[in-house]
Amino acid sequence: MKLGVTLSTYPSKFGPIVFRDGNLPKNLPMIKSLGYEGVDLFVNQLDDDELDTLHRLMDRYELEVAMYLPIFLAENGVNLSCRDSAMRKTNVAAYKKQVEKSSRLGARKMPVGFLRGAKSEDEQIDDCLGRLADSLKEICDYAMPKGITLCLEPINRYEINTLNTVDESLDFIERYRIEPLGLLLDTFHMNIEDRSLEGAIRKAAKRVKHFHCPDSNRNAAGSGHLDYGAIIKALKDVGYAGYLMLEAFPLPDPVMCAKLSSEFLRSQLKKLEDN
Ligand SMILES: [Mn+2]
């Protein structure tokens with residue numbers, strides 16, 4: 001497993017981005033020096049020149065973009081389960097455009113987070129999920145040949161009203177047969193929703209394509225009460241070899257948060273190797 005940390009290309013208000021002031025020339029060498037191998041990159045709308053510049057910067061510091069996260073889509077109301085079918089078509093097209101950009105940057109994973117949209121009070125959950133499944137099938141068909149895997153993230157009930165648990169998310173993928181869809185598991189959400197973090201990881205098994213690993217308080221790894229030994233063991237047992245990605249609040253400051261987490265996670269990985 002590799003270590004990664006969240007980074008944004010612009011000053012972002014989204015809380016759990018560790019390096020979020022948008023200052024890449026300062027942040028990238030720091031991230032590298034703290035022992036990270038990759039980043040989850042939160043972006044706003046980028047043109048081709050900006051993408052090329054970004055690509056060169058990442059290459060210069062030998063950092064990989066593990067996941068490309070166009071959070072501005074959801075912030076601008078893009079919703080993949082939208083009830084208005086013309087609007088949903090527009091939204092699917094907007095996501096596909098970002099798949100193109102992700103591929104240009106060499107990032108092979110993209111998230112399905114808030115832009116899956118919420119269920120309205122006057123409809124059944126299956127109506128909402130059926131529309132979402134249609135959108136995701138179309139986007140997966142487009143993304144797969146480009147080598148990009150979409151990863152559905154179970155998000156806790158206080159933030160969205162669909163697909164909160166790992167069980168619900170696995171059931172969704174199976175019921176609608178969205179074979180190429182992976183899961184992005186996040187310890188913060190799982191700690192609220194799932195009966196057991198290790199149990200959920202073992203059940204999701206090969207579906208786990210990406211992993212966010214803040215501690216229980218969504219701060220630096222090692223600053224809360226999660227049992228990282230058991231979590232990392234479960235990931236290893238299911239054959240996960242991707243990133244432990246630190247999506248955490250940058251407390252007490254971005255560098256300390258990244259430094260403490262990196263040291264802590266390395267020691268946990270080493271313990272597992274030694275056993
Ligand atoms: Mn997350």
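The values are calculated or read from the model by the stated rules, or taken from the named source; none is laboratory data. Source: prediction; values computed, not measured. Positions of Cβ are backbone-derived with ideal geometry, glycine not excepted, and every protein chain shown enters the neighbour counts. Just so you know, the surface numbers come from the protein's heavy atoms only, side chains and all, with ligands and any DNA or RNA stripped out. Shrake-Rupley method; radii C 1.70, N 1.55, O 1.52, S 1.80 Å.
With out of contact with any strand residue (DSSP E or B) (no Cβ under 9 Å at 6 or more places or on another chain) and within 13 Å of the ligand (Cβ to nearest atom) as the only criterion, which of 193, 198 stands out? First the steps, then the outcome.
Details: 198 fails: within 13 Å of the ligand (Cβ to nearest atom).
Being out of contact with any strand residue (DSSP E or B) (no Cβ under 9 Å at 6 or more places or on another chain) and within 13 Å of the ligand (Cβ to nearest atom) holds for just one of 193, 198, which is 193.
Scanning the range 163-174 for residues that are touching a residue at least 12 places away in the same chain (Cβ under 8 Å) and out of contact with any strand residue (DSSP E or B) (no Cβ under 8 Å at 6 or more places or on another chain), which turns out farthest from the ligand (Cβ to nearest atom)?
Going through the range 163-174, the residues touching a residue at least 12 places away in the same chain (Cβ under 8 Å) turn out to be 163-170, 172-173.
Those left that are additionally out of contact with any strand residue (DSSP E or B) (no Cβ under 8 Å at 6 or more places or on another chain): 164-165, 167-168.
Working: 164: 13, 165: 14, 167: 18, 168: 16 Å.
By that ranking, first place goes to 167.
Being within 16 Å of the ligand (Cβ to nearest atom), at pLDDT 95 or above and among the hydrophobic types (A, V, I, L, M, F, W, C) narrows it down to one of 221, 241, 205, 230, so name that one.
Details: 241 fails: within 16 Å of the ligand (Cβ to nearest atom); 205 fails: within 16 Å of the ligand (Cβ to nearest atom); 230 fails: within 16 Å of the ligand (Cβ to nearest atom).
Only one candidate passes the filter, namely 221.
Any residue at all in the range 56-78 that is under 27 Å from residue 269 (Cα atoms), touching a Ser or Thr at 6+ places or on another chain (Cβ under 6 Å) and modelled with pLDDT of 95 or more?
Among the residues of the range 56-78, at least one is under 27 Å from residue 269 (Cα atoms), touching a Ser or Thr at 6+ places or on another chain (Cβ under 6 Å) and modelled with pLDDT of 95 or more, which makes the answer yes.
How many residues, within the range 1-47, are in contact with a Pro (Cβ under 7 Å, 6 or more places away or on another chain) and of a type outside the set (D, E, K, R)?
6
Looking only at the range 1-33, filter to residues that are aliphatic (A, V, I, L, M) and open to solvent by less than 30 Å² (accessible area, probe 1.4 Å); which one of those is nearest to the ligand (Cβ to nearest atom)?
Just the residues of the range 1-33 that are aliphatic (A, V, I, L, M), to begin with: 1, 3, 5, 7, 17-18, 24, 28, 30-31.
Still in the running and open to solvent by less than 30 Å² (accessible area, probe 1.4 Å): 3, 5, 7, 17-18, 24, 28, 31.
Numbers: 3: 16, 5: 13, 7: 14, 17: 10, 18: 12, 24: 21, 28: 21, 31: 18 Å.
Taking the candidates together, the pick is 17.
Could you please tell me which pairs satisfy a Cβ distance under 7 Å, a separation of 6+ or placement on different chains, a first residue in the range 254-275 that is more than 17 Å from residue 243 (Cβ to Cβ), and a second residue that is open to solvent by less than 80 Å² (accessible area, probe 1.4 Å) and aromatic (Phe, Trp, Tyr)?
254/19
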